[in-house]
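What follows is a single structure, written as structure tokens, with notes after it.
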Amino acid sequence: MKTIRPKLEEIARIAGVSKATVDRVLNDRPGVQQHTRAHVIQVMASLSGETGAAAPRRVRLDFVLPGGHNAFIADLARHIARQAAQRPDVDVRIHRFDAIEPERIAATLDMLRDTTDGVGLIGLDSPLVRESVRRLIAAGIHVLTLVSDISHVGRISYVGIDNRAAGRLAGYLIGRFLPGARGRVALIAGALAYRGHEEREMGFRHIMRERFGDMEIVAPPEIREDPERAYVEVRALLERYPDLLAIYCIGAGGEGVGRALIERGRAQSVVFIGHDLTDYTRAYLLDGVIDAVIDQNARVEARDSIDRLVRAVRGEGEISQSTVRIQSVFPENIPSEV
């Protein structure tokens, strides 16, 4: 039998890494994280099988994601679809919901039990969703959480940032932007039904008490990831507190925050920290409306989620539990790729 030798470009494309990274792995050089090295080696092995050998069964994966106005989740869904299209060994379906409805999420998870090998989930940390996840796992389905974790369900891995650390980072940046300041800082909560948002709030409140005690946090009702609600709430905040120092928007909705700041003429005087580098946050950074964006790499999360689920389904060793790196993005270091 003849062995297929895949090209470096093909390995890089399917693995979702640069050609330089593949070259380092091929030549056993340093500078590549262990889980990335293992992923590249796995891709090379799958591409280098003997001709005529039976192809492995395609792994059926389902991703259950929020819908609505969240631009980052839309980017993540696109990256999941792109990564899946580059892998001949997987079939991926993406399910999205326009509303924060635990009943619909739980019902969808229950329906997947007989048609999937693995599920990637950005789910509410609610009793209904937790029980549906447990039923999936009991049926032998591998479940992975991404972006926002779910507690005590036995998932194989979590793919995302440390959200509590992200909240602390937001508070740290505000404190450093405004050294020695006294006054009010607004906390705009997206949807606290997501554990990740709750953790960001915890981290933010903790560091503000710990390091910047002269700043008082004011928090309007959660905006449920809706830019229009964010716009209304921030307009009201700016009228109520004309001396407002800063705003931290925990999740989606930053478009509305920025619009309110611009309309009230406060875009250059109120420090604004948001999440996730998208088209609108990129534009706001360049215009000086947003001072910093706390970013997580949607492409890496999509790649790692598919890879970890496939490895779990095929029983290919220990699944990585490492979190995704948090990046602070300012106008001067905006990366070329959203």
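Any read-out appearing in this document is the output of simple, stated calculations on the displayed coordinates, not a laboratory observation. Every value quoted in this text rests on a predicted model; they were computed, and no experiment measured them. No Cβ is skipped: glycine too gets one built from the backbone with ideal geometry, and neighbour counts run over all protein chains shown.
Extension gain, residue 101-residue 13: 0.36 nm per intervening residue step, less the Cα-Cα distance, totals 28.0 nm. Put simply, the amide H of residue 159, placed in the peptide plane, has neighbours under 5 Å in 145, 146, 147, leaving out anything fewer than 5 places away on its chain. Using C-alpha pairs below 8 Å separated by at least 6 residues, the relative contact order for the chain is 16 percent. Where only DSSP H runs of four or more residues are counted, the chain gives -13500 deg cm²/dmol as its mean residue ellipticity at 222 nm, each run worth -39500 (n - 2.57). Relative to the Cα centre, the charge distribution of the chain, modelled as +1 at Lys and Arg Cβ and -1 at Asp and Glu Cβ, gives a dipole magnitude of about 780 debye.
Using bins of 20 Å that start at zero, the share of Cα-Cα pairs per bin across the chain amounts to 30, 52, 17, 1, in whole %.
Which order, highest average first, do 122-134, 261-273 follow once you tally other Cβ atoms within 10 Å for each residue and take the mean per peptide? Write down the numbers at each step before the final one.
On the way: 122-134: 20.3, 261-273: 17.5.
So the order, starting with the most tightly packed, is 122-134, 261-273.
One Cα centroid belongs to region 188-218, the other to region 101-133; the line between them spans 28 Å. Direction-averaged projected area, Cα convex hull, region 55-201: 10.3 nm², rounded to one decimal. Taking a ≥ b ≥ c as the square roots of the eigenvalues of the Cα gyration tensor, an a/c ratio below 1.5 marks region 163-295 as rounded.
Projected label points at residue 334 and residue 134, each 7 Å from Cα along the beta carbon direction, are separated by 4.7 nanometres. Helix 127-138 and the long axis of the chain differ in direction by around 10°, with both axes built from C-alpha atoms. In region 8-47, Cα pairs under 8 Å separated by at least six residues give a relative contact order of 42 percent. The length gained by stretching the chain between residue 86 and residue 37 to full extension, at 0.36 nm per residue less their Cα-Cα distance, is 15.8 nm. Taking amide H as placed 1.01 Å from N in the peptide plane, residue 119 has its amide H under 5 Å from the amide H of 62, 142, 143, 144, each at least 5 places away in sequence or on another chain.
For the pair residue 325 and residue 262 in one chain, pulling the backbone fully straight at 0.36 nm per residue adds 19.6 nm over the alpha carbon distance. Positive end of the dipole of the chain (Cβ unit charges, origin at the Cα centre): among 161, 271, 116, the Cα lying farthest that way belongs to 116.
Taking H placed 1.01 Å from N in the peptide plane, check which residues at least 5 places from residue 91 or on another chain put their amide H under 5 Å from its amide H. For residue 91, the qualifying residues are 59, 60, 61.
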